[in-house]
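J.: Structure provided below as structure tokens; questions to follow.
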Amino acid sequence: AQSVTQLDSQVPVFEEAPVELRCNYSSSVSVYLFWYVQYPNQGLQLLLKYLSGSTLVESINGFEAEFNKSQTSFHLRKPSVHISDTAEYFCAVINNAGNMLTFGGGTRLMVKP
Amino acid sequence: GAGVSQSPRYKVAKRGQDVALRCDPISGHVSLFWYQQALGQGPEFLTYFQNEAQLDKSGLPSDRFFAERPEGSVSTLKIQRTQQEDSAVYLCASSLVSTEAFFGQGTRLTVV
């Protein structure tokens, strides 16, 4: 069995400030890790993913996440946020069988001017 | 279309009514998934198809929930005798490879 914990349900931050959204997972087997973003009234969009190789992965819009096996974490960071980053962010894992994603409860990022 | 399409976008049902939610996956995607997202929570897995075969239905909450994908393309999630606790957003996703799932915009079901 696997599970994902996102400790912060809401993260308010001012525009151009740095942000970190925390994600911890538990699994008895190797997993692949994902961050999805959900803008208001839209579906989930893949932001970035870790499959193997370099533990630091980046998205095209400035987000990055680092896989830390010893701490079973996959925190999402951005050095300077924009108003347009306001959204719900979901961390997820997928098992080796690849037949289902297990999501965390989500973190609402609220960027204020 | 270019993405996963779900219809209707919004559905209001009276308690006890049957509903059917449709998902049009991306053309050629073998795998199709249904998830349920309750208000303020993350999506939870319901069921998984590979082509027309339903390989995993362990997430379906009760026998009132039924999903099908008869020709390996369009899928329908049916909920019989809807209850208030069924109110949620129902998300469909499709994928060609397991590590790249594309989600539709979802159907928001409200049971009154």
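The values are calculated or read from the model by the stated rules, or taken from the named source; none is laboratory data. These numbers come from a predicted model, not from an experiment. FYI the Cβ positions are ideal-geometry reconstructions off the backbone, even for glycines, and counts take in every protein chain you see. Only protein heavy atoms, including side chains, enter the accessible area calculation; ligands, DNA and RNA are left aside. Shrake-Rupley method; radii C 1.70, N 1.55, O 1.52, S 1.80 Å.
J.: So, for chain B, what is the accessible surface per residue at a probe of 1.4 Å, expressed in square angstrom? Write out the running numbers ahead of the final one.
T.: On the way: 5530 Å² over 112 residues.
Result: 49 Å² of accessible area for each residue.
J.: Rank A:Lys78, A:Lys49, A:Lys69 by mean-square fluctuation in a GNM of chain A with C-alpha springs under 10 angstrom and give only the top-ranked residue.
T.: Ranking A:Lys78, A:Lys49, A:Lys69 by mean-square fluctuation puts A:Lys69 first.
J.: Further question on the same structure: What nm value, rounded to one decimal, do you get for the distance between A:Glu66 and A:Ile83 when each label is placed 7 Å out toward the C-beta?
T.: 3.2 nm
J.: State, in square angstrom and to the nearest 100, the accessible area buried between chains A and B, both chains counted, probe radius 1.4 Å.
T.: Buried surface at the A/B interface: approximately 1500 Å².
J.: Let me ask something else about it. Tell me the carbon and sulfur percent of the accessible area for chain A, rounded to whole percent, probe radius 1.4 Å.
T.: Answer for chain A: carbon and sulfur cover 50 percent of the accessible area.
J.: Name the residues whose placed amide hydrogens come within less than 5 Å of the amide hydrogen of A:Val11, ignoring near sequence neighbours (fewer than 5 apart) on the same chain.
T.: A:Arg108, A:Leu109, A:Met110
J.: Just the Cα atoms of the stretch A:17-113, one point each, no solvent: what log10 I(q)/I(0) does Debye give at q = 0.10, 0.12, 0.20, 0.23 Å⁻¹?
T.: -0.25, -0.36, -0.99, -1.28
J.: Can I ask one more? Please list the three semi-axes, largest first and in whole Å, of the ellipsoid equivalent to the stretch B:5-111, using sqrt of 5 times the eigenvalues of its alpha carbon gyration tensor.
T.: Taking √(5λ) for each eigenvalue gives 22, 14, 12 Å, largest first.
J.: Of B:Gly16, B:Gly72, B:Gly40, which is the most mobile in a GNM of chain B whose springs link Cα atoms less than 10 angstrom apart?
T.: Looking only at B:Gly16, B:Gly72, B:Gly40, the biggest GNM fluctuation is shown by B:Gly40.
J.: Next question, about the same structure. Taking Rh as the Kirkwood radius, which is the inverse of the mean 1/r over Cα pairs, what is the Rg/Rh value for the stretch A:1-66?
T.: Dividing the radius of gyration by the Kirkwood radius yields 0.97.
J.: Hey, another quick one. Can you pull out the GluC sites (Glu not before Pro) in the stretch A:1-46 that DSSP calls coil and that have at most 14 other Cβ atoms within 10 Å?
T.: Passing sites in the stretch A:1-46 are A:Glu15, A:Glu16.
J.: State the Cα centre-to-centre distance between the stretch B:44-112 and the stretch A:78-108 in whole Å.
T.: With the stretch B:44-112 and the stretch A:78-108 each reduced to a Cα centre, they are spaced 20 Å.
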